[in-house]
Amino acid sequence: MKFFVDTADTAAIRELNDLGMVDGVTTNPSLILKSGRDIIEVTKEICDIVTGPVSAEVVAKDAADMIREGKHLATIAPNITVKVPLTWDGLKACKVLSSEGHMVNVTLCFSAAQAILAAKAGATFISPFIGRLDDINLDGMQLIEDIRVIYDNYDFKTEILAASIRSVNHITDAARVGADVITAPPSVIKSMANHILTDKGLAQFDADWAKTGQKIG
Ligand code: G3P
C-alpha cells in the first residue's frame, strides 16, 4: 500500500519523508489556503522534497480551462499529478491530459459509477472520499470495496486512492479491502503508531528498570 500525505505543510511532509513514509502528496484548494502560501511556490517545494506523485488541483470549471491550468501546473515538476474534479468537464480534461502523458488524479468521487467513468477516461488515480460519505451516514469503505471489485473485474489500471481519511481505522480498513493508495493528514499517519498497551507496557518497563539501578552504556 502506498502512503500519500494529504497536506501542503512542507515541514510535516519533510518529517514523514525522512522516515520513508511518503510515496506521494495530495493537495487541494482548501489545503493551499491552510498553508497560507502561493500554490506554485509551495507545490514546487513539495516536489523538491518528494519523488513520488504530487497532486495539484485545477480550479477551472470547463474542460478547456482545466486543461490549460493542468498543463501549467505540470510545468512545476515532472512528478506533478494534475487533479481534476469528477464532473463531465473534469473527465474530458482527464482524457486529454492523460492522453498527452500527464498523470491525472480524478477527485471528489462519491460513487462506483463515477469511478468507472474516471477509469475509462484514463485516470491514473481515482479519489473516493471516505470521510465525507461517512459524514452523511453512507458507507465510505463500501465504496472502496465496490470500486476494487469493479476495477479488478475489468483489469482497469487506475489506482484507487482512498481519500478524506479521518482515522487510523480508515487506513487499516482501506488496506484490508485493497485500496492501492491512501492519502491522509500527517496527524492521522503519525497516530498509527499509538496504542494504549504500548504506553502501558513502556510505563511498566520504566518502573521495573528504575528498580534495577542499572544503566546501559
Ligand atoms: O484528499 C481529499 C481530502 O483532503 C478531503 O478530506 O477531510 O476534507 O474530507 P476531508
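The values are calculated or read from the model by the stated rules, or taken from the named source; none is laboratory data. All values reported here derive from a predicted model rather than from experimental measurement. We place every Cβ from the backbone using ideal geometry, glycine too, and count neighbours over all the protein chains shown.
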Discussion item. Which of the numbered conditions does SER55 fail, given that it passes all the others? Conditions: (1) in a helix (DSSP H, G or I); (2) out of contact with any helix residue (DSSP H, G or I) (no Cβ under 9 Å at 6 or more places or on another chain); (3) buried (at least 20 other Cβ atoms within 10 Å of the Cβ).
Written reply: (1)
Worksheet item: Among the residues of the range 169-192, which ones are part of a helix (DSSP H, G or I) and crowded, with 17+ Cβ neighbours inside 10 Å?
Response: HIS170, ILE171, ASP173, ALA174, PRO186, VAL188, ILE189
Worksheet item: For residues in the range 115-168 being among the polar types (S, T, N, Q) and within 13 Å of the ligand (Cβ to nearest atom), which is surrounded by the most Cβ atoms within 10 Å (Cβ to Cβ)?
Response: SER127
Worksheet item: Which pairs do you get when a residue that is at pLDDT 95 or above, found in the range 9-22, comes within reach of a residue that is among the acidic types (Asp, Glu), reach meaning Cβ atoms under 6 angstrom, with the pair 6+ apart or on two chains?
Response: THR10/GLU45
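One line per residue, one yes/no per condition, for (1) within 14 Å of the ligand (Cβ to nearest atom); (2) buried (at least 17 other Cβ atoms within 10 Å of the Cβ); (3) more than 20 Å from HIS102 (Cα to Cα):
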| position | (1), (2), (3) |
| --- | --- |
| LEU31 | yes, yes, yes |
| ARG37 | no, no, yes |
| ALA63 | no, yes, no |
| MET66 | no, yes, no |
Worksheet item: Can you pull out the residues in the range 106-130 that are within 19 Å of ARG176 (Cα to Cα) and within 13 Å of the chain's Cα centre (by Cα)?
Response: PHE125, ILE126, SER127, PRO128, PHE129, ILE130
